[in-house]
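The values are calculated or read from the model by the stated rules, or taken from the named source; none is laboratory data. Here the structure is a predicted model, which means the values were calculated and not measured. Reconstructed Cβ throughout: ideal geometry from the backbone, glycine too, with neighbour counts over all protein chains shown. Each accessible area value is taken on the protein alone, full model and side chains, heavy atoms only, with ligands, DNA and RNA left out. Shrake-Rupley method; radii C 1.70, N 1.55, O 1.52, S 1.80 Å.
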Amino acid sequence: MAFPSENPKFKLSYFNVKALAEPIRLLFAYGGVDYEDIRVSQEEWAVLKPTMPMGQMPVLEVDGQRVHQSVSMARYVAKRVNLSGANDWENLLIDTAVDTVNDFRAKIATVQYEPDEAVKEKKRVTLNAETIPFYLTKLDAIAKENNGHLALGKLTWADFYLTGIIDYLNYMVKFDLLAAYPNLKAVVENVNALDAVKAWVAKRPVTDL
């Protein structure tokens, strides 16, 4: 595999939703990075799926070389747009925040995509009564300690990760997760207040998740 050029050409392939690709799109927008935003239909996906690295999306193409894993992609783009840490310790703190949010996403997704409706409803009770309050209380305390950010007391790609997937999380649980958590709400508001992000939000396709 060849090493990409200093200024590579990027293509990001995903469905026509925000969900797992939106943190990456927000980071591209913040950095003013040109990329091809490929929105794949369900019909197209049936043909494309066998050709993808792990049969899943999003997939990022960098100078023709394709990689998978959305969090790893976001981390890579974050480094390019100067939203990562200044050293290994700072990067660990950012990664810890991102991985915690991603764990939270996985807990919600496990319930959302449970095929047995009876089991799903039982799991949803525990999710709403225990899992969601646990994670959001912990994360809100972190955001409070960091002045409206998830790490280092300043803007990092961890903030973009939460902002990018919050609509997807809200869609899955069917309510506003951050309504009672002002510090986490501030994290999202701080990112959405950035001019580059506002410009992206104004032009991106309108989707529910």
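General remarks:
- Subset of region 164-188 [farther than 22 Å from VAL17 by Cβ and either surrounded by fewer than 17 Cβ atoms within 10 Å (Cβ to Cβ) or among the hydroxyl-bearing types (Ser, Thr, Tyr) (or both)]: ALA179, ALA180, TYR181, PRO182
- Evaluation of ASN7 against the conditions (1) over 23 Å from ILE142 (Cα atoms); (2) among the polar types (S, T, N, Q); (3) open to solvent by less than 70 Å² (accessible area, probe 1.4 Å) shows that the sole unmet condition is (3).
- Filter result for GLU90 (in a helix (DSSP H, G or I), surrounded by fewer than 17 Cβ atoms within 10 Å (Cβ to Cβ) and in contact (Cβ under 8 Å) with a residue 60 or more places away in the chain): yes
- Being at pLDDT 95 or above and either within 16 Å of LEU177 (Cβ to Cβ) or open to solvent by 40 Å² or more (accessible area, probe 1.4 Å) (or both) is a description that does not apply to LEU83.
- Residue within region 148-161 that is more than 18 Å from the chain's Cα centre (by Cα), more than 23 Å from GLU90 (Cα to Cα) and at pLDDT 95 or above present: no
- Criterion violated by LYS107 - all others in (1) more than 18 Å from the chain's Cα centre (by Cα); (2) open to solvent by 70 Å² or more (accessible area, probe 1.4 Å) satisfied: (1)
- LYS120 being of a type outside the set (Asp, Glu), open to solvent by 60 Å² or more (accessible area, probe 1.4 Å), more than 18 Å from the chain's Cα centre (by Cα) and modelled with pLDDT of 95 or more: no
- If the condition is being touching a strand residue (DSSP E or B) at 6+ places or on another chain (Cβ under 8 Å) and crowded, with 20+ Cβ neighbours inside 10 Å, then region 11-20 contributes LEU12, SER13, TYR14, LEU20.
- In region 126-151, the residues that are open to solvent by 50 Å² or more (accessible area, probe 1.4 Å) and on the phi > 0 side of the Ramachandran plot: ASN147
- 2 or more residues touching a helix residue (DSSP H, G or I) at 6+ places or on another chain (Cβ under 7 Å), of a type in the set (Gly, Ala, Ser) and closer than 21 Å to SER84 by Cα: qualifying helices (runs of 4 or more DSSP H) within region 98-198: 157-173
- Region 44-69 residues that are under 20 Å from ILE24 (Cα atoms), paired with ones that are assigned to a loop (DSSP other than H, G, I, E, B) and of a type in the set (S, T, N, Q) (beta carbon under 6 Å, 6 or more apart): ASP63/SER5
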